[in-house]
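Everything below concerns the one structure shown next.
The values are calculated or read from the model by the stated rules, or taken from the named source; none is laboratory data. Predicted, not measured: the structure shown is a model, and the values here were computed from it. Neighbour counts run over all protein chains shown; Cβ positions are idealised from the backbone, glycine included.
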Amino acid sequence: MVLDERVFSCCFTGYRPQKFPFALSSNDPRYVEFENRLITEIAELINENCLTFYSGMAMGFDIIAAECVLTVAKVKKDRAVRLICAIPFPEQAKSYPREWKERYDSVLAKSDQTVLISSEYYRRCYYDRNRFMVDNSDFVLTWFDGSPGGTKNTVDYAKSKLRKVVNLYTG
């Protein structure tokens with residue numbers, strides 16, 4: 001007899017590169033530790049039947065987390081892991097530096113689905129993108145040090161919606 005297992009979903013929220021207290025580079029051991037913890041947590045979520053991941057595709061945490069999902073999914077060939085990119089508006093990455101734009105494009109090309117929140121930019125499109133991701137997730141995986149801003153707003157919203165928030169920040 002096969003028991004029906006509930007399938008879970010997770011979204012990411014975290015900081016842009018300049019808000020991290022370390023360089024987002026494999027040359028920085030703090031970054032390597034952070035990335036290893038992120039990969040480990042994603043793998044653990046997959047083992048708990050969390051198979052759908054949402055990334056808002058912002059520079060920094062969002063893109064790194066999406067890349068980690070793709071890495072873990074490649075290793076766990078037997079699982080139906082899905083990456084969904086939630087894009088607030090079509091030109092989100094227009095002003096990204098070349099390296100981040102290339103990473104953005106690479107993740108989009110390898111993702112399973114793209115959800116476009118709006119056909120054009122408007123003042124609350126990032127806010128609406130974040131709410132969309134939380135509303136469609138059971139878990140929220142973050143790197144959050146308590147600073148005010150979009151990540152705090154998203155974490156607070158997730159808690160108000162009784163989502164399980166997993167914070168990789170260790171202080």
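Below are the figures for this structure:
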quantity	calculated
First in the range 67-94 and more than 21 Å from Phe8 (Cα to Cα), second anywhere and charged (D, E, K, R), Cβ under 7 Å, 6 or more apart	Pro88/Arg129; Phe89/Glu120; Ala93/Lys101
Test set (1) under 24 Å from Glu41 (Cβ atoms); (2) modelled with pLDDT of 95 or more; (3) over 14 Å from the mean Cα position of the chain (by Cα) - Ala109 fails condition number	(1)
Whichever residue in the range 114-153 is under 21 Å from Leu38 (Cβ atoms) and among the small types (Gly, Ala, Ser) and, among such residues, is modelled with the highest pLDDT	Ser137
Options Ile46, Ile64; residue that is closer than 30 Å to Glu91 by Cβ and of a type in the set (Val, Ile, Thr)	Ile64
Qualifying positions in the range 71-84 - out of contact with any Phe, Trp or Tyr (no Cβ under 8 Å at 6 or more places or on another chain) and outside any loop (DSSP other than H, G, I, E, B)	Thr71, Val72, Ala73, Lys74, Val75
Top-ranked residue of the range 1-50 - restricted to ones that are in contact with a Leu (Cβ under 9 Å, 6 or more places away or on another chain) and assigned to a loop (DSSP other than H, G, I, E, B), ranked as farthest from Thr170 (Cα to Cα)	Val7
Meets criteria (free of Cβ contacts under 8 Å to residues at least 12 places away in the same chain and within 22 Å of Ser26 (Cβ to Cβ)) for Lys101	yes
Residue list for the range 159-171, filter: among the small types (Gly, Ala, Ser) and not in a loop (DSSP other than H, G, I, E, B)	Ser160
Test set (1) farther than 27 Å from Pro97 by Cβ; (2) without any contact (Cβ under 8 Å) to a residue 60 or more places away in the chain - Cys50 fails condition number	(2)
Residue ID - nearest to Asn130 (Cα to Cα), chosen from residues in the range 1-46 that are among the charged types (D, E, K, R) and buried (at least 16 other Cβ atoms within 10 Å of the Cβ)	Arg16
Identity of the residue in the range 94-117, in contact with a strand residue (DSSP E or B) (Cβ under 9 Å, 6 or more places away or on another chain) and part of a loop (DSSP other than H, G, I, E, B), that ends up surrounded by the fewest Cβ atoms within 10 Å (Cβ to Cβ)	Asp112
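Matching residues to (1) part of a helix (DSSP H, G or I); (2) touching a residue at least 24 places away in the same chain (Cβ under 8 Å); (3) surrounded by fewer than 17 Cβ atoms within 10 Å (Cβ to Cβ):
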residue: Arg129; (1), (2), (3): yes, yes, no
residue: Val134; (1), (2), (3): yes, yes, no
residue: Val140; (1), (2), (3): no, yes, no
residue: Asp145; (1), (2), (3): no, yes, yes
residue: Pro148; (1), (2), (3): no, no, yes
residue: Thr154; (1), (2), (3): yes, yes, no
residue: Tyr157; (1), (2), (3): yes, yes, no
